[in-house]
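Engineer: Attaching a single structure in structure tokens format; questions to follow.
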Amino acid sequence: MRATSILSTVLAVGAVVLTGCGSSYNGNAGAGGGGSSGSGSSASAANAALATADSSLGEIVVDGKGMTVYVSDKDAKGSGQSACSGDCLVKWPAVVAESDSPAVDGVTGEVGTITRDDGTKQVTLGGIPLYLFAGDAKAGDVTGQGVGGVWWVVSADGAKVTAAPTSEPASQPGY
């Protein structure tokens, strides 16, 4: 009887989690593969490594879960390397992909990957590695904007967004 109760609870929690995986952000539902217009489903955005969403900073790039994507001024465009390692990766986890050609939805800049020292493929936009910010708690947060004067939200074409967020940036050092 207890095993049945536990199983029912696990299944119920699983159903709630899966329901929340649909589309928790307002991404453009364009065709995959870099197109920025057209009609698609939010499921295509959820399956993309990168998509776009509206934010307090305008239209920005987000990962497949709707979390804001950032670039660092410490990374050199086209270098094939990330300047972020160790403690930096704890605060700024790499946006990773399973293939060399990650799926995108609404992103118009050139998307690629670099191979990190641990063998993971980090997604790049315009030749610059992409990161998430551990301080962003939910989709739509842009609390990493301007941190340390080197971390920036990214627009769909790959340009860094330097506008100030509508709220104060997190008071944390860059890395």
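The values are calculated or read from the model by the stated rules, or taken from the named source; none is laboratory data. Note that this is a predicted model, so its numbers are computed, not measured. Virtual Cβ from ideal backbone geometry, glycine too; neighbours counted across all protein chains shown. These area figures cover heavy atoms from the full protein model, side chains too; ligands, DNA and RNA do not enter into them. Shrake-Rupley method; radii C 1.70, N 1.55, O 1.52, S 1.80 Å.
Engineer: Test ASP118 against the criterion of being under 17 Å from the mean Cα position of the chain (by Cα) and on the phi < 0 side of the Ramachandran plot, and give yes or no.
Structural biologist: no
Engineer: Criterion first (in contact with a strand residue (DSSP E or B) (Cβ under 9 Å, 6 or more places away or on another chain), open to solvent by 20 Å² or more (accessible area, probe 1.4 Å) and either modelled with pLDDT under 95 or in a loop (DSSP other than H, G, I, E, B) (or both)) does THR113 satisfy it?
Structural biologist: It is false that THR113 is in contact with a strand residue (DSSP E or B) (Cβ under 9 Å, 6 or more places away or on another chain), open to solvent by 20 Å² or more (accessible area, probe 1.4 Å) and either modelled with pLDDT under 95 or in a loop (DSSP other than H, G, I, E, B) (or both).
Engineer: I'd like to verify a number: residues in region 75-107 that are in a loop (DSSP other than H, G, I, E, B) and surrounded by 17 or more Cβ atoms within 10 Å (Cβ to Cβ), how many?
Structural biologist: 9
Engineer: Checking LEU125 against (1) under 19 Å from ALA53 (Cα atoms); (2) open to solvent by 10 Å² or more (accessible area, probe 1.4 Å), which test does it fail?
Structural biologist: (2)
Engineer: Let me ask something else. If I go through region 56-86 residue by residue, how many of them are closer than 16 Å to VAL147 by Cβ and of a type in the set (S, T, N, Q)?
Structural biologist: Matching residues across region 56-86 total 3.
Engineer: Still on this structure: Restricting the search to region 45-60, which residues are surrounded by fewer than 18 Cβ atoms within 10 Å (Cβ to Cβ) and either modelled with pLDDT under 90 or within 12 Å of the chain's Cα centre (by Cα) (or both)?
Structural biologist: ASN47
Engineer: Now for a separate question. Which numbered condition trips up SER36, out of (1) at pLDDT 95 or above; (2) open to solvent by 60 Å² or more (accessible area, probe 1.4 Å)?
Structural biologist: Against the list (1) at pLDDT 95 or above; (2) open to solvent by 60 Å² or more (accessible area, probe 1.4 Å), SER36 comes up short only on (1).
Engineer: Moving on to the next point. Failed condition for LYS74, given (1) without any contact (Cβ under 8 Å) to a residue 40 or more places away in the chain; (2) over 14 Å from the mean Cα position of the chain (by Cα), with all others met?
Structural biologist: The failed condition is (1).
Engineer: Quick one: how many residues across region 132-157 are open to solvent by 20 Å² or more (accessible area, probe 1.4 Å) and not in a loop (DSSP other than H, G, I, E, B)?
Structural biologist: 3
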